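Written out below as structure tokens is the structure these notes cover.
Please treat every number below as a calculation from the coordinates, not as lab data. What you see is a predicted model; the values in this text were computed from it and never measured. A quick note on method: Cβ atoms are made from the backbone with ideal geometry, for glycine too, and the neighbour counts reach across all protein chains shown.
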Amino acid sequence: MRIILYELKKLFQLKMVCLLFIISFIFYRHFIHFDLEHFPNGRPALDSYHISMEMIEQYGYQMNQEEFEHFKKVYEKERAAADAYLQARQEYVDAGLDTYEKFRTADIEKKQEIRKLTNQIMFVDEVDLFWELQAREHLIEYYEYRNFLYSNMKFGDLPLTAEQKERIKDTIASGNIMSAEVFENYNSLIRHVAILIVISIMFMISPIFLQDRWNHVVFLQYSNKTGRKIFNLKLQTALIAAGFITTVQLGLFFILYRGNKVGMFLNANINSVFTHEVFWFELTFLQYILLTIVSIYILVFTLTIIVAVLSNRAPNYISVVGLQVPLAILLFVVVIDYLVVRITNIRLPIYFLPSAYVLLILIGSFLYFWSVKREKKVDLLH
Amino acid sequence: MNVLRFELKKAFQSPVVSILIMLFLFFNFWLIYKHAGIREELKVTNQLVERFGYKIDSEMSAKLQDYYQSKLQKMNKLTNEKFGKTYERAGDFFAEYEHRNKELSEEELHVITETAIVESYYELIQKIDQTYRHLDLSQNAKMDIKGYGLSGKTAEVTREYYIKLKNRLDELIEAGEHKNLFFIGYVYHMHSFLFKDLMRQMIFEVMILVVLITGHVTTYEFQNQTCLTVYASKRGRKLMLDKLVANLFASLCICAVILGATLLVYFLVFDYSGLWGIPISSFFNSEFSFPYISWWKLPFGIYLSCVLVVFIICQLFFTVITYSIAVWIKNNYLVYAVFAILFGFCVLIPGIIPKNLTAIFWTRYTPFSLILNPHLWFIGWNVFTPKKYEWTTTVIWTCLLAIATVVTFLKFNKEQID
Amino acid sequence: MLVVNHVSKSYGKFEALKDINLEFSNGVYGLLAPNGAGKTTLIKMLTTLIFPSSGEILYNGTNIARLGEKYRELLGYLPQDFGYYKNYSPRQFLSYLGALKGMDKKVVNKRMDELLKLVALEDVATKKMKKFSGGMIQRVGIAQAMLNDPKILILDEPTAGLDPKERVRFRNLLSELARDRIVILSTHIVSDVESIANEIIMIKDKQVLYKGSIDEICKKIAGMVYETSIPYEQANMFKKEVFSLSEKQEDGLLKIRFISKKTPEPTWTAVKPNLEDVFLYVYRDDIQESGAS
């Protein structure tokens, strides 16, 4: 344990920690800040978010046909209010926009003055009522055209399997209420947080073995009592460090994420016609979040072993960094999207995720044991 | 010269450089391959240019109409035989496309597709004048001001900007620069594909390689503990100068390999013959409701060359930037990190400056901001792409980096090496 | 007792050491050979950094590979290329190595104080090693090798970078230490081992050439070493006849020390051979080769 502490100290040198801090800050400003600051992003997203909350308040986490009728009634009421709003304004009546229906279907491309009038309400005055109506329309549409999920959940041109159809059917029948805005926002955030964590791990772990080799300290390490066990200990150090970095990054992120005020949705089921997503399991939003966290940890530990082994084998920094370029591209473009974001989605087979993670864990453990074994016998020449 | 060769060897001896070059070229070829499905359709443009020239005027328009009519007739004859049906427009056929395509041979389908493309050209030509008449740049100014939240001085700059762009637009319309055939931008997005997707991808690829190599070569002696012997030799600290030259040369080599191979394949796949002289501001090149308006009259060939020049200059900037960092830090791992941070900061700064300060404009004059939108180089697109943006950035940074290099040298010459 | 038993080491087709047989008990052993003869290979095998291709190394009858950390626990090693962290102070670095040596923290601190005093580094004990001279670094290296009070102390070129005063101190220290432990000293500087080594091991052509006390080894060329003074003009002629060991100027003549198997001439004075004579004579081909190249 003492050796691991010493090794941790070597990894978390002040200058490295400072650089990591700066890198994280820049990354936050570029890719994460926006989704935290501008949530929900614009309108009618804001209105959808509010209405989703209202729905849960009124109907609970599920909505049945009766409640849907009620929801539609509220919409009609608001529509009447919109009609009244328009009729109270002479210029709209004059332009023939005396009902909401006409307002909504007006051809704004052709007539300049009509465009001006609609813009006035939507963008200049930003009348809440009209935005809300739009959001309600969308939600009603999603509910009424819920069978659309069948085509939406296809993966490429593949036909749906019986299991997939079953899940979609269940989801449609459930009437689960979940906000698409909240779900999308979280997915975008966790994707970027995962990327940031990957970058942090790569940055901090890469020097772990290379540094000692370049300093010619390995001769001393391997001829000491601890001997080649140090290799194993250093791998463990790397894993501990990676776990620590991941925990801190995730911790910081979730503290900031609390500002997005999604508490009400944590117990909502993410299989919903409103999120347009169906998953293999009946997950609540909170369970989904936990699942993404677990998957990030597994990913991180495998990555750590790969990076550490690379650091042990690469002759110099250009190689250790250069070889991680394809690894990073693979992670950012493919792996994170399939193994962290939207996991357990029915677009992919039910066994995809478990087998992918079993594979990852196998790769990780194989590399771990292979490199430890190899290191036991290697001749230390230079 | 001999010394230079040894320094260059250090740049390329690491197998990771070749591995990355291969990988990047593979990515580029893959991207081209994914887009290659339209290459047959693009050939119609070349045929039209061959037949009528690319300049659009009433005479050409009339000829094109005749050509189109004859094509349509041929097509209708074919469809009449096959399905007992004729079409007013070739496009109408494709409304039913899904049901009919299996009953047609590839050749027959080709006839119809070709007719549809010629038809698009014919119809779009009729729309050119109307489209340009409807361009209201003061609206763009308003949208920019609202969209970016500009106010005060910056809003003023935006209005002036669009007045300037309007002048250029008038001039362009006057000269008929927009009335030229090109691949239909609305459909094929060739400008975005070449200059945004492919070019930007290459910019980042070459940048990664250039930074890796420069950091490696510059810090080589300090990393290998040969600094004592090397910098005490006759060449001594002037070796740092050799290293700079070697780095710049290596960067040029990387540019040549990546650009050369990728563009070669690109132009083999997509036929641009006969299109090299067509101005980039052509109506057909535009992909959105707002057309690409180049600040000068730039035929495609010249435009491409200018873009390549800026591309290479930017890469040389990255070389010198990395080099200067490396001379100070001497540990290439940290050099890479510092470069990444510098990149991040330079791109970040314009975004966090209050929107009423003109600093939001001039902080963008960095190679880092410049490389983000290669498809808008030399083009007036929004308030952040002013005339001479590229050249001003280039000149400013040449001066800045010259100073930085001199300071770096002076510092290194006095430095204690241990 | 440390026994090297028929040990060979080869890298692919290249053979670095061939059938080495050695025995070490308490005392100072001087491992003497020119550069590149395989000294470092032998030492790396003794320190478990590389493994024999065939044969075995036994400590008290057990293979050191099997003993593992029980063996390394007894080991103190100063590599030829002593690595350290530039940003660490000697204290930080020694406590790190103390941890690697599996020592108790309190013991490490106590030993560290003693050793830093011993190698005269107590004033800079908390300064970063970045600014240290070569000699200071070497002394840190010596201190770390002795940190765990090793039963087997292996030093690869330990006196490199030490000034003459430090060298003498260091030599005395070693002979004191060697009373109850094995000290293996690899060097190509003869004077380092001459005064303190109980036994000298010479390696030539990948094999052990001589192993024995200094006297025993010197006997190999007893009666062949002479000194004489000759005028400069004759020097070249003379050196073709005999094997010159050293030359110096004295009273306008060249005083030359040499080896000759011929019957001595009256002007020659027979002298007692020393270790350096043996070294130069044994490795004469290597030396001439390297001199010629």
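Spatial offset of the stretch A:253-310 relative to the stretch A:331-360 amounts to 12 Å, using the alpha carbon center of each. Protection proxy ranking, highest mean first, for peptides C:20-27, C:34-41: C:34-41, C:20-27, where packing is the per-residue count of other beta-carbon atoms within 10 Å, averaged.
For the stretch C:220-292, what is the relative contact order in percent, using Cα pairs closer than 8 Å and at least 6 residues apart in sequence? Don't skip to the end; give the middle numbers.
Numbers: 88 pairs, mean separation 28.6, N = 73.
Value for the stretch C:220-292: 39 percent.
Estimate the FRET efficiency between B:Q139 and A:Q134 by the formula 1/(1 + (r/R0)^6), using the beta-carbon distance for r and 30 Å for R0, to the nearest 0.05. Using R0 = 30 Å, I get an efficiency of 0.80. Among B:389-396, A:76-83, sorting by the average number of other beta carbon atoms lying within 10 angstrom of each residue, highest first, gives B:389-396, A:76-83. Counting, for every residue in C:90-103, the Cβ atoms of other protein chains within 10 Å of its Cβ and taking the mean gives 5.
Going from the fewest other Cβ atoms within 10 Å to the most, the residues B:S58, C:S10, A:S206, B:S286 appear in the order B:S58, C:S10, B:S286, A:S206. A simple rule links phi to the HN-Hα coupling: the Karplus curve 6.51 cos²θ - 1.76 cosθ + 1.60 with θ = phi - 60°, which for the stretch B:392-409 gives 4, 4, 4, 5, 4, 6, 4, 5, 4, 6, 4, 4, 4, 5, 4, 4, 4, 4 Hz, with x for Gly and Pro. Note on B:K85 and B:Y132: their simple-model spin labels are 3.9 nm apart, each label 7 Å out from Cα toward Cβ. Here's the picture: a label point sits 7 Å out from the Cα of C:E176 along the beta-carbon direction, and within the stretch C:105-129 the residues with their amide nitrogen under 17 Å of it are C:111-122. Reducing the stretch B:3-31 and the stretch C:229-268 to their Cα centroids gives an inter-centroid distance of 62 Å. Label point of C:T269 set 7 angstrom out along Cα-Cβ; within the stretch C:186-228, amide nitrogens under 18 Å from it belong to C:223-228.
Summing Lys and Arg as +1 and Asp and Glu as -1 over all other residues whose Cβ lies under 15 Å from the Cβ of B:Q315 gives a net charge of -1.
Can you tell me the dipole magnitude for the stretch B:55-126 around its Cα centre, using point charges on the Cβ only (Lys, Arg +1; Asp, Glu -1), in Debye to the nearest 20?
Details: 10 positive and 15 negative charges, 27 e Å.
Approximately 140 debye in magnitude.
In the protein assembly as shown, taking the dipole from charged Cβ atoms about the Cα centre, the farthest positive-side position among C:G134, A:T304, B:M143 is held by C:G134. Of all beta bridges that DSSP places with both ends in the protein assembly as shown, some 70 percent have antiparallel geometry.
Within 10 Å of the Cβ of each residue in A:312-320, the mean number of Cβ atoms contributed by other protein chains is 6.
Under a model in which nothing but the beta-carbon of Lys, Arg (+1) and Asp, Glu (-1) is charged, the stretch B:98-256 shows a dipole of about 1420 debye around its Cα centre. Principal axis extents of the C-alpha atoms in the stretch B:26-162 (largest first, rounded to whole Å): 67, 45, 30.
Taking neighbour counts of Cβ atoms within 10 Å as a proxy for exposure, in what order, fewest first, do A:I255, A:I350 appear? Write down the numbers at each step before the final one.
Working: A:I255 9, A:I350 16.
Result, fewest neighbours first: A:I255, A:I350.
Here the stretch A:1-159 was treated as a single set of alpha-carbon atoms; its pair distances binned every 10 Å from 0 give 8, 23, 22, 19, 11, 9, 5, 2, 0 percent.
Seen against the Cα atoms of chain B and their longest principal axis, helix B:2-13 is set at about 60 degrees. The ellipsoid that matches the Cα gyration tensor of the stretch C:220-292 has semi-axes, each √(5λ) in whole angstrom, of 19, 16, 11, with the longest given first. Each residue of the stretch A:128-140 was assigned a 3J(HN,Hα) from its phi angle through the Karplus curve 6.51 cos²θ - 1.76 cosθ + 1.60 (θ = phi - 60°); the sequence is 3, 3, 5, 5, 4, 4, 4, 4, 4, 4, 4, 5, 4 Hz, with glycine and proline shown as x.
Could you please report the charge total around B:D271, scoring K, R as +1 and D, E as -1 over all other residues with beta-carbon less than 14 angstrom from its beta-carbon?
On the way: positive: B:R39, B:K43; negative: B:E40, B:E41, B:E50.
Taking every Cβ under 14 Å from that of B:D271, the sum is -1.
Expressed as an acute angle from 0 to 90° and rounded to the nearest 10, what is the orientation of the C-alpha long axis of helix B:300-329 relative to the principal long axis of chain B? Tilt of helix B:300-329: around 20 degrees. With a ≥ b ≥ c the root eigenvalues of the C-alpha gyration tensor of chain A, is it rounded (a/c under 1.5), prolate (a/b larger than b/c) or oblate? Because a/c hits 1.5 or more and a/b exceeds b/c, chain A counts as prolate. With contributions of -39500 (n - 2.57) from each DSSP H run of at least four residues, the per-residue ellipticity at 222 nm computed over chain C stands at -10000 deg cm²/dmol.
The distance from the alpha carbon centre of the stretch B:168-203 to that of the stretch C:66-83 is 70 Å, rounded to a whole number.
Computed over chain B, the range of Cα coordinates on each principal axis works out to 89, 53, 34 Å, biggest value leading.
The value of relative contact order for the stretch B:55-126, using C-alpha pairs under 8 Å at least six residues apart, is 41 percent. The magnitude of the dipole of the stretch C:1-117, with charges of +1 and -1 set on the Cβ of Lys/Arg and Asp/Glu and taken from the Cα centre, is near 420 debye.
Regarding the stretch C:2-218, what's the average projected area of the Cα-atom convex hull, expressed in nm²? Kindly include the intermediate steps, with their values, before the conclusion.
Details: hull surface 47.7 nm².
Quarter of the Cα hull surface area: 11.9 nm².
Ordering C:E114, A:E57 from the fewest to the most neighbouring beta carbons within 10 Å gives A:E57, C:E114.
Think of chain A as having a plus end and a minus end, set by charges on the Cβ of Lys, Arg, Asp and Glu; of A:F123, A:L196, A:I56, A:L196 sits farthest toward the positive end of this dipole. For chain B, the longest principal axis of the alpha carbon atoms and the long axis of helix B:39-52 meet at an angle near 70°. Compute log10 of I(q)/I(0) for the stretch C:2-124 with the Debye formula, placing one identical point scatterer on every Cα and leaving out solvent, at q = 0.18, 0.19 Å⁻¹, to two decimals. Cα-only, vacuum Debye calculation for the stretch C:2-124: -1.07, -1.13.
Counting each DSSP H run of 4 or more residues in chain A as -39500 (n - 2.57), what helix-only mean residue ellipticity at 222 nm follows after dividing by all residues, to the nearest 500 deg cm²/dmol? Intermediate values should be presented prior to the final figure.
Values: 19 runs with 261 residues, N = 382.
Value at 222 nm, helices only, nearest 500: -22000 deg cm²/dmol.
Taking only the C-alpha atoms of the stretch B:55-126, the Rg (one decimal) and the largest Cα-Cα distance, Dmax (whole number), read 12.8, 39 Å.
How much net charge surrounds B:R51 when only the other residues with a Cβ under 12 Å from the Cβ of B:R51 are counted, with Lys and Arg +1 and Asp and Glu -1? Each step should come with its number before you reach the end.
Details: positive: B:K63, B:K71; negative: B:E50, B:D66.
Neighbourhood net charge equals 0.
Think of chain B as a dipole: +1 on every Lys or Arg Cβ, -1 on every Asp or Glu Cβ, centred on the Cα centre; then among B:L410, B:I302, B:G215, B:L410 lies furthest on the positive end.
3J(HN,Hα) couplings calculated from phi for the stretch A:374-380 with the Karplus curve 6.51 cos²θ - 1.76 cosθ + 1.60 (θ = phi - 60°) are, in sequence order, 4, 5, 5, 10, 6, 7, 9 Hz; Gly and Pro show x. Inter-chain Cβ neighbour count for B:212-224, averaged per residue, equals 2 (cutoff 10 Å, partner chain atoms only). Averaging the sequence gap over all C-alpha pairs within less than 8 Å and six or more residues apart, then dividing by the number of residues, gives the stretch C:190-249 a relative contact order of 19 percent.
Answer rounded, prolate or oblate for the protein assembly as shown, using the Cα gyration tensor with square roots of eigenvalues a ≥ b ≥ c: rounded when a/c is under 1.5, else prolate when a/b is larger than b/c, else oblate. The shape class here is prolate. Remark on B:I280: its backbone amide H falls under 5 Å from those of B:L298, B:F300, a criterion applied only to residues 5 or more positions apart or on other chains, H modelled at 1.01 Å from N. Report summary: the helix-based calculation at 222 nm, which adds -39500 (n - 2.57) for every DSSP H run with n ≥ 4 and divides by the residues of chain B, gives -23500 deg cm²/dmol.
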